[in-house]
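The numbers here are math on the coordinates, done by the rules we state, and not lab data. This structure is a prediction, so every number in the text was calculated from the model and none was measured. For neighbour counting, all protein chains shown are included, and Cβ atoms are generated from backbone atoms with ideal geometry for every residue, glycine included.
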Amino acid sequence: MRVAIISDIHANLEALRRVEAELGSVDAIWCLGDVVGYGPDPSECVDWVRHRCAVVLSGNHDWAAIGKLDPDQFNDAASAAALWTAKQLGAADRAYLESLASRAVENLDNRTVTLAHGSPRDPIWEYLSDPEVAAENFAEFSGVLCLVGHTHVPMAFALELAPDKGSAILRVEPPAYQAKRILAGARRIANVGSVGQPRDGDPSACCAFLDTTDWTLIWKRVRYDVGVTQRRMRSVGLPDVLWMRLAYGR
Ligand code: ZN
């Protein structure tokens with residue numbers, strides 16, 4: 001089984017369409033949340049995930065758009081985008097976002113895969129960028145793999161038993177783009193990156209693929225026309241800082 005995992009689309013339909021064209025044959029698509037917020041096409045992106053994804057989680061920006069979270073907790077630009085997004089969503093979009101969980105467990109070939117937007121411990125808010133915070137989160141899920149988004153930075157934390165078996169070693173791994181990352185031998189929390197607003201310095205959209213036949217994970221970058229999304233954002237009046245950052249992947 002080959003599963004595509006996408007996250008943090010952030011209403012960037014142009015990026016999403018390019019990613020869709022590059023998915024190839026997949027048995028399922030999982031979306032780890034933040035379908036909306038920041039970008040110019042929230043309703044279209046909600047519609048896309050509703051029809052295409054086997055699993056869709058909610059993220060903090062989805063919550064803000066439906067009033068489950070106070071946008072005042074965001075910075076000014078994100079808050080302005082959340083208020084704008086809320087006005088674009090129809091009743092069906094809102095009801096759909098309302099129905100989503102922020103954490104899920106999938107069973108594939110007798111293996112358990114945990115999915116969360118931010119972290120297994122605090123799926124809506126916690127950012128897993130710090131190894132110490134990641135280490136604590138390994139106690140918060142069972143099975144060998146947890147897939148997350150939220151930071152918009154593709155990477156992984158791998159927890160391996162030390163040779164003496166008495167302690168564990170935590171490694172920070174870069175995303176594997178060229179060769180598949182073999183998942184055997186360690187428990188992992190892997191971040192699939194962001195489709196609609198990458199923050200690792202590469203403006204191209206990011207997603208990942210889990211293959212259960214050889215139990216591997218590979219990340220993929222997809223170039224899209226950033227200018228199309230930027231012009232859409234300007235035309236609907238979203239804050240300048242939000243469209244400008246897309247060119248830099250920050
Ligand atoms: Zn996000």
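Estimated purely from DSSP H runs of n ≥ 4, each contributing -39500 (n - 2.57), the mean residue ellipticity at 222 nm for the chain is -8000 deg cm²/dmol once divided by its residues. Distance from the Cα centroid of the stretch 127-177 to that of the stretch 69-97 is 31 Å (rounded to whole angstrom). The slack in the chain from E136 to D72, taken as 0.36 nm per residue of separation less the alpha-carbon distance, amounts to 20.2 nm. How many percent of the alpha carbon pairs in the chain exceed a separation of 27 Å? Looking at the chain, the distances longer than 27 Å represent 31 percent of pairs. Taking a ≥ b ≥ c as the square roots of the eigenvalues of the Cα gyration tensor, the stretch 74-164 is oblate, since a/c reaches 1.5 or more and a/b is not larger than b/c. The angle between the Cα long axis of helix 13-22 and the longest principal axis of the Cα atoms of the chain comes to about 40 degrees, rounded to the nearest 10.
Simple spin-label estimate for V172 and D109 gives 3.1 nm between the two label positions (7 Å along the Cα-to-Cβ direction from each Cα).
The lysines within cross-link reach of K180, meaning a Cα-to-Cα straight distance under 21 Å and a gap of 8 or more places when in the same chain, are K220. Considering only DSSP beta bridges with both partners in the chain, what is the antiparallel share in %, to the nearest 5? Restricted to the chain, the bridges split so that about 70 percent are antiparallel. Peptide packing: for 131-140, 205-214, the average count of neighbouring Cβ atoms within 10 Å per residue gives the ranking 205-214, 131-140, highest mean first.
Ranked by the mean number of other Cβ atoms within 10 Å of their residues, highest first, the peptides 146-155, 166-175 fall in the order 146-155, 166-175.
Using C-alpha pairs under 8 Å with a sequence gap of at least 6, the mean separation divided by the residue count of the stretch 177-250 gives a relative contact order of 34 percent.
Please work out whether the stretch 15-154 counts as rounded, prolate or oblate from its C-alpha gyration tensor, where a ≥ b ≥ c are the square roots of the eigenvalues and a/c under 1.5 means rounded, while otherwise a/b larger than b/c means prolate and anything else oblate? Here the stretch 15-154 falls in the oblate category.
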